[in-house]
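Student: Before anything else, here's the structure in question.
Since every read-out is calculated from the coordinates, none of them should be taken as a lab result. As the structure is a prediction and not an experimental result, all values here were calculated from the model. Don't worry about glycine lacking a Cβ; one is built from the backbone with ideal geometry, like all the others, and counts go over all protein chains shown.
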Amino acid sequence: MIEYALNFGFVCVSLALLMNLWRLTMGPTTADRILAVDTMAINAIALLVMYGIAKGTAMYFEGALLFAMFGFVSTVAYCKFILRGDIIE
């Protein structure tokens with residue numbers, strides 16, 4: 001039963017990634033593009049966690065944590081760049 005749930009999850013998250021990619025390319029504003037990249041990072045984390053569950057190893061969970069930290073820092077840095085024009089003050 002878990003295999004069916006994982007397959008359904010993979011399909012749903014992959015579809016969400018494709019929709020975010022569309023918003024990234026067609027977004028009317030810069031804020032839409034920033035949110036699309038942030039949401040794509042969250043979807044990639046979900047894919048990593050689901051793949052770790054499917055393979056039965058904890059190594060992918062550690063990778064998901066690292067990817068979450070990288071995604072958060074990159075989103076904050078890009079927003080700061082948009083607002084102030086400089087990342088390091």
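Student: Give me the pairs, please: first residue somewhere in the range 52-74 and surrounded by 14 or more Cβ atoms within 10 Å (Cβ to Cβ), second residue anywhere and not in a helix (DSSP H, G or I), beta-carbon distance under 9 Å, and either six or more positions apart or on two chains.
Tutor: Correct list of pairs: G52/A58.
Student: Report, ordered by the first and then the second residue, all pairs with beta carbons closer than 7 Å, sequence separation of six or more or different chains, a first member in the range 10-39 that is surrounded by fewer than 12 Cβ atoms within 10 Å (Cβ to Cβ), and a second member that is in a helix (DSSP H, G or I).
Tutor: The qualifying pairs are T30/I82.
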